[in-house]
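The numbers here are math on the coordinates, done by the rules we state, and not lab data. All values reported here derive from a predicted model rather than from experimental measurement. Heads up, the Cβs are rebuilt from the backbone with ideal geometry, glycines too, and the neighbour counts pull from every protein chain shown.
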Amino acid sequence: MTTTLPHAPTLDGRCHRDRTTFSLTYAVGTIVAASPERLWSLLTDAAGFPRWNSTVASIDGTIAAGERIAVRVPIAPGRVFKLRVGDVQPQRAMTWRDGMPPMFRGVRSFVLVPRDDGRTEFHMVERFAGLMLPMIAKALPDFGPVFERYAADLARAAVA
């Protein structure tokens, strides 16, 4: 896995959206006043996620390469997203995935980039793609506000 994102977001904390016929991408980036190690400890603590992240109701499982996790989110009450943790580079990057290509697949990428001043760039990109996307895109919620809140929650928790 590379730590370069194909849709690297700007670092303004605002979510940016890109749409084509068979793909939909949301991306957010921000600079956090904490080390990559601190952010990584938050991003990989499944049980602790709901304490700091208002966009997540619960995560069951272990956030580690190859593991399956079950994620519940307030934006889709009653639904459980069963994801596989993909590539992991500790304190640098990881992916979460679900779906069945080529029909539909979602991949969320997290990238942490250390800065010389002790702060860390946080990038999160989710790409939905597949043959079914044109049929279901209108049923998907707007993830923009969720991504912005996710990044803001992480930044706040990292310095608490």
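Residues in the range 42-91 that are of a type in the set (Ser, Thr, Tyr) and not in a loop (DSSP other than H, G, I, E, B): 58 alone. Is one or more of the residues making up the range 25-34 more than 14 Å from residue 153 (Cβ to Cβ) and in contact with a helix residue (DSSP H, G or I) (Cβ under 6 Å, 6 or more places away or on another chain)? Yes, there is a match, as at least one residue in the range 25-34 is more than 14 Å from residue 153 (Cβ to Cβ) and in contact with a helix residue (DSSP H, G or I) (Cβ under 6 Å, 6 or more places away or on another chain). If the condition is being among the aromatic types (Phe, Trp, Tyr) and part of a loop (DSSP other than H, G, I, E, B), then the range 101-160 contributes only 143.
When residue 76 is tested against (1) of a type outside the set (Phe, Trp, Tyr); (2) surrounded by 18 or more Cβ atoms within 10 Å (Cβ to Cβ); (3) over 19 Å from residue 18 (Cβ atoms); (4) touching a Pro at 6+ places or on another chain (Cβ under 8 Å), just one condition goes unmet, and that condition is (2). Residue 68 meets all of the listed conditions (1) exposed (fewer than 15 other Cβ atoms within 10 Å of the Cβ); (2) under 19 Å from residue 111 (Cβ atoms) but one, namely (2).
Within the range 76-120, the set of residues being of a type in the set (Asp, Glu) and touching a residue at least 24 places away in the same chain (Cβ under 8 Å) comprises 87 only. Screening residue 154 against (1) surrounded by fewer than 15 Cβ atoms within 10 Å (Cβ to Cβ); (2) aliphatic (A, V, I, L, M); (3) out of contact with any Asp or Glu (no Cβ under 6 Å at 6 or more places or on another chain) leaves a single unmet condition, (1).
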